[in-house]
Amino acid sequence: MLRPVRAGNAFEETVERLLTAIRLGLVGPGEKFPAERDLAAQLGVSRLTLREALRSLQQAGFVESRRGRFGGTFVMASPPAPARAELLRQLREDGARLDDVLTFRMAVETGAAQLLAQAVAGPIPPAAAEVLPARLAALATAGPQDYRRLDTLFHLAIAELTGSQLLAAACADARMRTNDLLNAIPLLPRNIDHTGAQHTAIVAAILSGDPDRARRAVAEHLEGTSALLRGFLA
């Protein structure tokens with residue numbers, strides 16, 4: 001997500017990239033962004049533009065700057081979140097938005113799983129063989145505070161492992177549009193157990209090189225998530 005921004009709206013797009021990294025949990029609460037010089041190079045902006053963007057996020061309560069040998073820019077332990085009541089009100093007034101978001105996510109995430117399974121139909125790439133089981137293991141031991149963030153990282157890893165930057169960006173966009181919705185509903189222990197089994201099935205299908213099974217496994221998982229969202233937001 002920290003790819004170069006376009007020159008025309010460098011400040012605005014820098015803020016967007018940094019916020020996306022925070023909201024998707026790519027840089028989690030209490031974690032530090034890369035050093036200013038490295039981050040500016042990644043984003044393709046001047047250090048002045050980056051500093052202005054970070055200052056704006058600090059003023060909004062998303063990050064804090066620490067000085068000293070172990071200093072840098074850190075994500076706040078509790079970044080501002082949308083008001084749940086207001087989010088629910090808006091969604092109830094615009095049911096079409098929810099359907100559109102869920103359709104978008106279904107299309108890009110099932111496609112990513114299918115493509116990755118096709119890619120591993122031969123010898124399994126070391127990255128996939130290492131990253132997906134590691135993401136799965138992290139989710140299995142996640143507490144309530146970290147579950148949503150680690151769930152996001154699991155799903156984004158599938159798209160990233162395809163090697164397509166456009167697909168990874170599309171999946172990140174889809175997840176951004178659903179994260180606020182997911183955070184508006186409670187974590188249900190039974191659903192977490194069921195979801196864990198579905199995640200395991202997704203990884204097994206991908207690593208076995210079975211595109212159709214991988215696509216179906218992701219579709220079944222997302223249909224369950226959609227049902228929960230529609231139920232709680234009805």
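The values are calculated or read from the model by the stated rules, or taken from the named source; none is laboratory data. Note that the structure is predicted; figures quoted are calculated from it, not measured. Here the Cβ is made from the backbone with ideal geometry for all residues, glycine too, and neighbour counts use every protein chain on show.
General remarks:
- Within region 7-38, being surrounded by 13 or more Cβ atoms within 10 Å (Cβ to Cβ) and among the hydrophobic types (A, V, I, L, M, F, W, C) holds for Ala10, Phe11, Val15, Leu18, Leu19, Ala21, Ile22, Leu24, Leu26, Val27, Phe33.
- Looking only at region 61-74, and only at residues there that are part of a loop (DSSP other than H, G, I, E, B), over 21 Å from the mean Cα position of the chain (by Cα) and not aromatic (Phe, Trp, Tyr), the one that is nearest to Ala35 (Cα to Cα): Gly71
- In region 111-131, the residue that is modelled with the highest pLDDT out of those that are in contact with a Gly (Cβ under 7 Å, 6 or more places away or on another chain) and crowded, with 17+ Cβ neighbours inside 10 Å is Ala117.
- Residues that are among the hydroxyl-bearing types (Ser, Thr, Tyr), buried (at least 16 other Cβ atoms within 10 Å of the Cβ) and assigned to a loop (DSSP other than H, G, I, E, B) within region 135-165 comprise Thr162, Ser164, listed in sequence order.
- Flag for Ala174 being part of a helix (DSSP H, G or I), small (Gly, Ala, Ser) and over 18 Å from Val101 (Cα atoms): no
- Count - residues of region 77-110 that are under 23 Å from Leu156 (Cβ atoms), at pLDDT below 90 and either in contact with a Cys (Cβ under 7 Å, 6 or more places away or on another chain) or not β-branched (Val, Ile, Thr) (or both): 12
- Verdict on Ala157 being within 21 Å of Thr110 (Cβ to Cβ), in the same structural domain as Leu116 (by TED's automatic domain parsing) and among the small types (Gly, Ala, Ser): yes
- Residue among Arg177, Arg190 that is more than 17 Å from Pro133 (Cβ to Cβ) and under 11 Å from the mean Cα position of the chain (by Cα): Arg177
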